[in-house]
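Data block below; observations after.
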Amino acid sequence: GVTRLLLTRIPFFREVVVSSFTCASCAWSNTEIQSAGCIQERGVRYTLAVTTRQDMNREVVKTDCATARIPELDFEIPAFSQKGVLTTIEGIIDRAVAGLEQDQPERRATDKEVASKIDEFICKLKQLKEVHSPFTFVLDDPSGNSFVENPHAPQRDAALLVAHYRRTRQQDALLGLESEEQAADAAEDLRNEVLQFNTNCPTCNAPASTNMKLVQIPHFKEVIIMATNCDSCGHRTNEVKSGGAIEPQGTRITLRITDPSDMTRDVLKSETCSVEIPELEFELGMGALGGKFTTLEGLLKDIGELVERNPFTLGDSSTPSRTEKLQEFVGKLHEVTEGKMQARFIMDDPAGNSYLQNVYAPEEDPELTVERYERTFEQNEALGLNDMQTEGYESPSACGR
């Protein structure tokens, strides 16, 4: 057979697609309707008071997800029990009668009592077509794409009440939608969830797992913390990645360490950040230690371990003078960590993605200075920004294609 499709517009409603199929062999025919638009923001409920025979000829668009009810008979056509159809009030009743009569011969043979009750109900439905007494026709569609004709349009129809409503979560789920609240809840659940993915240990190459968590740092931005634990060799590592883009300006953070309580400040050191302690004549270059989210004390301890484990200061390759200087530096670093020595701790991040906690936030910290500066050409080159083009990167030939 052949199915014919017609895109048409219903006056005072919207565009719909009407499909029609007819079989030349057995004369079977079928018509369906689908909305040519999207699911509407709100659902719609039409309540029509049928009082005359002319009301039975009103056009009706009933989609798959619409529910049709006649409260006087306690009759309902549930959602998704029929295909979408473009018909009339009388046509909907005829389809309901045809559906009920379809299996009546079998019911009369197996269960006469049920069959007689259905016959009685069919008679009531047929009597509705004559409109001997007024009744109410209700069409409820959570997708908002159903329609009952108003013959007086654009004037108001006193017999037809149209109500728009917000869908419930159950109705959104029925339509396969996710509400904004549900999307927000899902996003919030994702923020609170620790994600895990499989990887290999960087030390022994055994299968291991990496945990990843999105963390919001107060008065700063979101960061991604990743930690890997190997059950085979016991190797443990953690790393921090910025959750945002490279800032327009670089950041230079200077903290004057004057009290042991400064060691408890939270520190986010990105992989592009360098660290300097002028009083110790110490400078840690970009990329060393990777990205870390820890406390100031934890970062200073990591720096101490990094210096002590330097292979050029251990074993046969070391010299007495170099070892003395190393021990002197480690001793001063311990004094700074214990609060016995005042020093300046400077973090310079050209990408602007590093952070040092302000314990007085949102007020200013007298011991903490944050400077914003324009990056040099060399710093942009190191970050790969000089050759990066985010706008107008398509070639004219690509645009033409």
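The values are calculated or read from the model by the stated rules, or taken from the named source; none is laboratory data. The model shown is predicted, which means the values in this text are computed figures rather than measured ones. Please note: Cβ atoms are built from the backbone with ideal geometry, for glycine as well, and neighbour counts cover all protein chains shown. Just so you know, the surface numbers come from the protein's heavy atoms only, side chains and all, with ligands and any DNA or RNA stripped out. Shrake-Rupley method; radii C 1.70, N 1.55, O 1.52, S 1.80 Å.
Within segment 41-72, the residues that satisfy the criterion of being of a type outside the set (Asp, Glu) and out of contact with any strand residue (DSSP E or B) (no Cβ under 8 Å at 6 or more places or on another chain) are THR51, THR52, ARG53, GLN54.
The residue that is nearest to the chain's Cα centre (by Cα), counting only those in segment 348-379 that are open to solvent by 90 Å² or more (accessible area, probe 1.4 Å) and aromatic (Phe, Trp, Tyr), is TYR360.
When ASN358, ASN380, ASN386 are checked against the criterion of being at pLDDT 80 or above and not in a loop (DSSP other than H, G, I, E, B), ASN380 stands alone in meeting it.
Within the set PRO105, PRO151, the sole residue that is more than 30 Å from THR168 (Cα to Cα), over 43 Å from the mean Cα position of the chain (by Cα) and outside any loop (DSSP other than H, G, I, E, B) turns out to be PRO105. For segment 68-93, a tally of residues being of a type in the set (Asp, Glu), exposed (fewer than 15 other Cβ atoms within 10 Å of the Cβ) and part of a helix (DSSP H, G or I) returns 1. Looking for something without any contact (Cβ under 8 Å) to a residue 40 or more places away in the chain, part of a loop (DSSP other than H, G, I, E, B) and open to solvent by 80 Å² or more (accessible area, probe 1.4 Å) - is there at least one such residue anywhere in segment 32-55? Among the residues of segment 32-55, at least one is without any contact (Cβ under 8 Å) to a residue 40 or more places away in the chain, part of a loop (DSSP other than H, G, I, E, B) and open to solvent by 80 Å² or more (accessible area, probe 1.4 Å), which makes the answer yes. If the condition is being touching a residue at least 24 places away in the same chain (Cβ under 8 Å), charged (D, E, K, R) and open to solvent by 50 Å² or more (accessible area, probe 1.4 Å), then segment 272-309 contributes GLU276, GLU279, GLU297, LYS301. Only one entry in LEU100, LEU86, LEU48, LEU73 is modelled with pLDDT under 85 and closer than 28 Å to SER133 by Cα, namely LEU86.
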